[in-house]
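The values are calculated or read from the model by the stated rules, or taken from the named source; none is laboratory data. Computed from a prediction, not measured in an experiment: that's the story for all the values here. For neighbour counting, all protein chains shown are included, and Cβ atoms are generated from backbone atoms with ideal geometry for every residue, glycine included.
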């Protein structure tokens, strides 16, 4: 199936959030009217997820006239469906980054990721965003041979990067922390954390509108042409803008062939159990931290505010979601927690994120006044939020952090947009088998 804007509608009803725990529990937000007719602005942002909303907020606070367009609703895409985990660093570990870009730039990239967490927390505090923000992230090793590397990496961060928030956790302590024998050790990072992603997205939207940004939902962008001004064509009107920000991530569709050649959409899934109660929840995740493991196809999970287990994992290798997401992901959950065999699963939903070949974000100035930031590869909660600020900074003036991210190598997928999907299927099948055996 060729990639097209149909991904916007392949698995969901227009304008409706999936039937997820997040949609059922998020802080309410009034709908925004679709664009009706033509409009003009200084900056047009395509996509109302973390990146687009953060960009709109920072631009509007700087006094620019900003218009945000989304084909569905605020936080409708990955920003409102993800695991809610806030990680430290980039998606690629520091040792690999040092080999990729050199030690100096690797340190700068580490600091950018630190800035991302700080920005997220400051936005939550400054705008009083209710999103169940908590600290702590436990990364577990599902193979004993990975334990030495985990110990060494924690020590590297502590000694070479002066990052004192992380420590190694041995097998016995991991078992006490997460109530399973599935892991051999891990690292605990208390400066990382987790939140309710859809509530966070809605909080960003509310803050952006208060600052003066204009939001239009149910407004699909059909095309975007660079120029002076840029021309953004929707199904109901045309926007003329001095600058355009493409903040579409996995839902880019046909808006940029250059980005599509380097950024691949992929589906991932989450389930939510029934509320477990304090005692059982504590037996599963003693300290209420987020958890992820060392599998290539990662399992990631955490507790919700009402003590459900939110368990994410499994990837499907087609553009459509499995018919029974609850069953599909429940199998992975029971491998970790067989004691939950009789626990009811209340919600199961899927979403489309975006990855790159080397798992680093693809940052591009596609034209002097058209910018794109995408391909967070599962590390987008904090980084996508910072990306919005970096995009705003790049439009207003020179941004050293944006320029550093822009020069990162993000190779094209072999075969370009046409062959990237079947080749990814082969690769992911191999890695999923490696995870098991």
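Exactly one residue out of 182, 154 is part of a helix (DSSP H, G or I) and either surrounded by 17 or more Cβ atoms within 10 Å (Cβ to Cβ) or out of contact with any helix residue (DSSP H, G or I) (no Cβ under 8 Å at 6 or more places or on another chain) (or both), and it is 154. All of (1) within 15 Å of residue 50 (Cα to Cα); (2) in contact with a strand residue (DSSP E or B) (Cβ under 6 Å, 6 or more places away or on another chain) hold for residue 74 with one exception: (2). Within the set 212, 242, the sole residue that is in contact with a strand residue (DSSP E or B) (Cβ under 8 Å, 6 or more places away or on another chain), surrounded by fewer than 18 Cβ atoms within 10 Å (Cβ to Cβ), touching a residue at least 40 places away in the same chain (Cβ under 8 Å) and at positive phi turns out to be 212.
With 63, 89 as the choices, which residue is at positive phi, crowded, with 22+ Cβ neighbours inside 10 Å and not in a helix (DSSP H, G or I)? Reasoning before the result, please.
On the way: 63 fails: crowded, with 22+ Cβ neighbours inside 10 Å.
Of the residues listed, the single one that is at positive phi, crowded, with 22+ Cβ neighbours inside 10 Å and not in a helix (DSSP H, G or I) is 89.
Being in contact with a strand residue (DSSP E or B) (Cβ under 9 Å, 6 or more places away or on another chain) and in contact (Cβ under 8 Å) with a residue 60 or more places away in the chain narrows it down to one of 112, 166, 129, so name that one. Result: 166 is the single residue among 112, 166, 129 that is in contact with a strand residue (DSSP E or B) (Cβ under 9 Å, 6 or more places away or on another chain) and in contact (Cβ under 8 Å) with a residue 60 or more places away in the chain.
Among the residues of segment 313-343 satisfying the criterion of being in contact with a helix residue (DSSP H, G or I) (Cβ under 7 Å, 6 or more places away or on another chain) and either surrounded by fewer than 16 Cβ atoms within 10 Å (Cβ to Cβ) or in contact (Cβ under 8 Å) with a residue 60 or more places away in the chain (or both), which is farthest from residue 178 (Cα to Cα)?
Keep residues of segment 313-343 that are in contact with a helix residue (DSSP H, G or I) (Cβ under 7 Å, 6 or more places away or on another chain), which gives 313-315, 317, 319, 322, 333-334, 337, 340-341.
From what's left, either surrounded by fewer than 16 Cβ atoms within 10 Å (Cβ to Cβ) or in contact (Cβ under 8 Å) with a residue 60 or more places away in the chain (or both): 315, 317, 319, 333-334, 337, 340-341.
Working: 315: 23, 317: 30, 319: 33, 333: 13, 334: 14, 337: 9, 340: 13, 341: 17 Å.
Here the residue is 319.
When restricted to residues that are out of contact with any strand residue (DSSP E or B) (no Cβ under 9 Å at 6 or more places or on another chain) and either assigned to a helix (DSSP H, G or I) or on the phi > 0 side of the Ramachandran plot (or both), segment 308-337 contains 3.
Within segment 16-46, which residues are in a loop (DSSP other than H, G, I, E, B) and more than 20 Å from the chain's Cα centre (by Cα)?
Once the filter is applied, which keeps residues that are in a loop (DSSP other than H, G, I, E, B) and more than 20 Å from the chain's Cα centre (by Cα), segment 16-46 yields 28, 29, 30, 31, 32, 33, 34, 35, 36, 37, 38.
When residue 380 is tested against (1) under 16 Å from residue 355 (Cα atoms); (2) in contact with a helix residue (DSSP H, G or I) (Cβ under 6 Å, 6 or more places away or on another chain), just one condition goes unmet, and that condition is (2). Quick check on residue 219: is it at pLDDT 95 or above, touching a strand residue (DSSP E or B) at 6+ places or on another chain (Cβ under 9 Å) and either more than 19 Å from residue 116 (Cα to Cα) or not in a loop (DSSP other than H, G, I, E, B) (or both)? Taking the combined requirement at face value, the residue satisfies it.
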